[in-house]
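Please treat every number below as a calculation from the coordinates, not as lab data. Only a predicted model underlies this, so the values are computations on that prediction, with no experimental measurement involved. Here the Cβ positions follow ideal geometry from the backbone for every residue, glycine too, while neighbour counts run over all protein chains shown.
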Amino acid sequence: MDLTSAPPRVTPPANPAENPAENPVAQAVTASLDVAHRHDPYPAYAVLRDTPGFPPGPLGTHVLARHGDCEQVLQDPAWSHAEEARLLHPDSEVALPGSFLWMDPPDHTRLRGLVAGAFTPRRIEGLRTQAEALTAQLMDAAVEAGTVDLVEALAYPLPLRMICSLTGVPAEAEDDVRRMSAGIARGLDPDVLLGPSELAARTAAVHEFADLFGTLAASRRADPRDDLVSALARAGEDGDRLSPVELLGTLLILVVAGHETTVNLVANGVRALAAHPDQLALLRERPELVPAAVDELLRFDAPVHLTTRTARTALTVGDRTFAPGESLLLLLGSANRDTAVFPRADDLDVTRFAGRGARRHLAFGLGLHHCIGAALARLEMETVLRALTARGTGVELLTDRPRYRPNLVVRGMAELPVRLTEGSAR
């Protein structure tokens, strides 16, 4: 598949935060992005939320750490998301293929509309039985083993198999999809944070995805099935609706984002509940709180911690006006811990979203780019929580500082050693 339709290379603006003087704000910006703080960026976020204005960040950006500012920008379509690939990956010889994730209307509207049918509430609810059966199978094996890496035992296989099933990726290709996705998920981080081997792995993974989905799309054109590849391949026959590069970019981002983020949600969520046994006990006593608990776990330790936006016109946030072309780095993980919006924001409270009036978290974004797979992620996390509560499974953390992947944008653990014990409830 042709990958030559990559965005033109541009030079990022000069970074006013380079060689900053030693001061708490500059240190907090650095810590919020530094791999050494991936396990706990929240103290740095707190410093940035308390800092007036918008501190300078990398690549000429300004950092937004407060919920109100991030919410305002995410909801305003005058802030473009289309520049993120150029901003973060300006020197890529083969840029990440375009998808509606990095588009503005009308292209964003057109492509998202083609995909939306696969993520309707009815279609997602129809996946519940499959998710429950798979979760039960994985939980049985994990409990029987006793001591497991929860990422390998549950958090990874559940969303991977679900998104592959939904899109139409055959089961025998799942291991390849996982390997390629790891290279691309890491490659979503700014190029300046990636080493030569990581850049090469991303490029190789993009080409492999192109081969996989190109072959699969050709097969589905000849023999359509009830999956997303078939639907998009048929749309691709009408060249002005879906080009080959758009087909690749759309499938790539749906498959990668459709499971890599949920891996983090499941692992982060189980870890948080294991570290707060009173909250897990409350869920067992009141299983009706499970949907609210999913929102709280998304807020408490979000799977995606940052995104960017670029001003298309002169735009004002707070008391500052940004000129056209200026870019912002939105720290979603920080916004979700803003005590101005969420009282006791550093505490886990599974009842927080149970009543009316709770402010919305930003884990799925807002506005035009609200996560299209949010309902699927919710379903998968609900399924895990209901399995834990119904079975009475005990979860003991075997380390208080698990190893994290270096990924900045899609932040999550590389492994989570736990000991699982079966309870009396089933």
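Counting only Cβ charges, +1 for Lys and Arg and -1 for Asp and Glu, the dipole size of the range 24-421 around its Cα centre is about 720 debye.
Sum -39500 (n - 2.57) across every DSSP H segment of at least 4 residues in the chain, then divide by the residue count to get the 222 nm mean residue ellipticity, nearest 500. All intermediate terms of the calculation are to be shown ahead of the outcome.
On the way: 16 runs with 200 residues, N = 426.
Mean residue ellipticity at 222 nm (helix-derived): -14500 deg cm²/dmol.
Using R₀ = 22 Å, calculate the FRET efficiency as 1/(1 + (r/R₀)^6) where r is the Cβ-Cβ separation of Thr321 and Asp50; round to 0.05. Present the calculation step by step, with values, prior to reporting the outcome.
Working: r = 23 Å, r/R0 = 1.03.
So, using R0 = 22 Å, E works out to roughly 0.45.
For Asp140 and Thr351, the difference between the fully extended length at 0.36 nm per residue and the C-alpha to C-alpha distance is 73.1 nm.
Would you mind ranking Glu174, Glu260, Glu288 by Cβ crowding within 10 Å, fewest neighbours first?
Sorted ascending by nearby Cβ count, the order is Glu288, Glu174, Glu260.
Taking all Cα pairs closer than 8 Å and separated by 6 or more residues, the relative contact order of the range 24-421 comes to 26 percent. For the range 36-59, the residues whose backbone nitrogen is under 20 Å from a point 7 Å from the Cα of Thr399, taken along Cα to Cβ, are 36-42. Here, the range 295-426 yields an orientationally averaged convex hull projection of 10.7 nm² when only Cα atoms define the hull.
Modelled spin labels at Arg286 and His207, positioned 7 Å past Cα toward Cβ, are 5.6 nm from each other.
Only helices at least 27 Å long along their own axis, judged from Cα atoms, and with Kyte-Doolittle mean hydropathy of 0.0 or greater: name those in the chain from DSSP H.
Details: long enough: 196-222 (40 Å, 0.13); 244-275 (46 Å, 1.21).
In the chain, the long hydrophobic H runs are 196-222, 244-275.
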